[in-house]
Amino acid sequence: PATKQERRAVIYTAGVWLVFMGWTVIGFIPSTAPIPAQIAGWLALAAFPVIYLNAFVRPEPFSHLNRHLNTLLYTLALIVLGIIMSLATPTAIINIVSYLMAVWIFNHRLLTGFIATILLIAGSIGVIFFANLESYDDWFIAAVALPAVIMILIRITIELDANQQARSEQLALAAQREDLASTVHDVLGHSLTTITVKVQLAQRLVDKDPAAAKAELADIESVARSSLSEVRAAVTDLQHPDLAEQFNHSAKALAAADVEFHRPEALPRLTLVQQQIFAWVIREAVTNVV
């Protein structure tokens, strides 16, 4: 999320499910654990939503680490809080599994989230077995398995919608490029033919009739300016110029103008809108420089 509105939306959609931490609260109330363990459990419970929501609002707090390592650090922090809470109520460590799965499923690609979910389910089964939480067997499907299935299905839906949107944008872009190619061909074909003929005429007149040659040159300038405006108007209709392709064109144009071009080695992850904006900015800047 980049704006306050997006952050609020993320906090709501991810935070609404924290209501199910109420099972941990219910486990704290009759707890007979030592008072320090209970106090630590309540503090961990208070910290859990903060770290959990932060994992969605700021999925990469450590910019020098990749997304997977950042998520792993969030996971370890949440597990530590779960262990602290389990000192007061043992089942707390299982209650947090669905939130761990959510962090991986919705912050990564579908395959990564699916693999992480399998590992977390296997780990929770191991915890139930080795910690002798037999009483939790009846709740395992509702607390771990069912949320996993629901989140995977939601993630698949999101993936399908994103793919469909990308295909629609690509088809629209292809249609726009075809229209642009046709428009530019029509504009340049007519204009360049006219300019070529007038240049030949001006060359013949330059010695015989300088005034007529100047008139032809003025017409050539007028036609060229008009064509340039028409081409710019046609190009403006192209909604999603390719950023990488624009870098290649810029490199060639600046090299021809003997201007040094410092090009980034790799492009960051950008949305289509961001790519469009930066491509137009670079194109206009290079045009101005040349």
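Restricted to the range 1-30, and to residues there that are loosely packed, with under 11 Cβ neighbours inside 10 Å and in a helix (DSSP H, G or I), the residue that is modelled with the highest pLDDT is Tyr12.
Among the residues making up the range 127-161, those that are open to solvent by less than 60 Å² (accessible area, probe 1.4 Å), more than 15 Å from Tyr99 (Cα to Cα) and modelled with pLDDT under 85 are Val127, Ile128, Ala131, Leu133, Tyr136.
Tell me, yes or no, whether the range 102-123 has at least one residue that is over 30 Å from the mean Cα position of the chain (by Cα) and at pLDDT below 95.
Yes, there is a match, as at least one residue in the range 102-123 is over 30 Å from the mean Cα position of the chain (by Cα) and at pLDDT below 95.
Looking only at the range 31-48, count every residue that is outside any helix (DSSP H, G or I) and touching a residue at least 24 places away in the same chain (Cβ under 8 Å) and tell me the total. It would help to see each step written out before you state the result.
Filtering the range 31-48 down to residues outside any helix (DSSP H, G or I) leaves 31-34.
Next, only the ones that are touching a residue at least 24 places away in the same chain (Cβ under 8 Å) stay: 31, 33.
Qualifying residue count for the region: 2.
The residue pairs whose first member lies in the range 195-212 and is within 16 Å of Ala224 (Cα to Cα), whose second member is modelled with pLDDT of 85 or more and open to solvent by 80 Å² or more (accessible area, probe 1.4 Å), and whose beta carbons are closer than 9 Å, counting only pairs six or more residues apart or on different chains, are Lys198/Leu217; Val199/Leu217; Ala202/Lys214; Ala202/Leu217. Arg58 meets each of the listed conditions (1) in contact (Cβ under 8 Å) with a residue 24 or more places away in the chain; (2) surrounded by fewer than 18 Cβ atoms within 10 Å (Cβ to Cβ) apart from (1).
When you look at Asp219, is it without any contact (Cβ under 8 Å) to a residue 24 or more places away in the chain, open to solvent by 50 Å² or more (accessible area, probe 1.4 Å) and part of a helix (DSSP H, G or I), yes or no? When the stated conditions are applied, Asp219 passes them.
Among the numbered conditions (1) over 28 Å from Gln276 (Cα atoms); (2) open to solvent by less than 50 Å² (accessible area, probe 1.4 Å); (3) modelled with pLDDT under 85, the only one that Val187 does not meet is (1).
Counting only residues that are surrounded by 11 or more Cβ atoms within 10 Å (Cβ to Cβ) and closer than 18 Å to Leu180 by Cβ, which one in the range 249-286 is farthest from the chain's Cα centre (by Cα)? Restricting to residues being surrounded by 11 or more Cβ atoms within 10 Å (Cβ to Cβ) and closer than 18 Å to Leu180 by Cβ, the top hit is His249. Does Ser227 fit the bill of being open to solvent by less than 60 Å² (accessible area, probe 1.4 Å) and either modelled with pLDDT of 80 or more or not in a helix (DSSP H, G or I) (or both)? No; evaluated as a whole, the condition is false for this residue. Taking each residue of the range 117-131 that is not in a helix (DSSP H, G or I) and looking for partners that are not small (Gly, Ala, Ser) with beta-carbon atoms closer than 7 Å, six or more apart or interchain, yields Ala131/Pro90.
Are any of the residues in the range 194-201 basic (Lys, Arg), at pLDDT below 85 and surrounded by 12 or more Cβ atoms within 10 Å (Cβ to Cβ)? Can you show your working first?
Let us first name the residues in the range 194-201 that are basic (Lys, Arg), namely 198.
Okay, now just the ones that are also at pLDDT below 85, so 198.
Of the ones still in play, those that are also surrounded by 12 or more Cβ atoms within 10 Å (Cβ to Cβ) are 198.
Yes, the range 194-201 contains at least one residue that is basic (Lys, Arg), at pLDDT below 85 and surrounded by 12 or more Cβ atoms within 10 Å (Cβ to Cβ).
The values are calculated or read from the model by the stated rules, or taken from the named source; none is laboratory data. Keep in mind that this is a model prediction, so the values were computed, not measured. All Cβ positions, glycine included, derive from the backbone under ideal geometry; neighbour counts span all protein chains shown. Just so you know, the surface numbers come from the protein's heavy atoms only, side chains and all, with ligands and any DNA or RNA stripped out. Shrake-Rupley method; radii C 1.70, N 1.55, O 1.52, S 1.80 Å.
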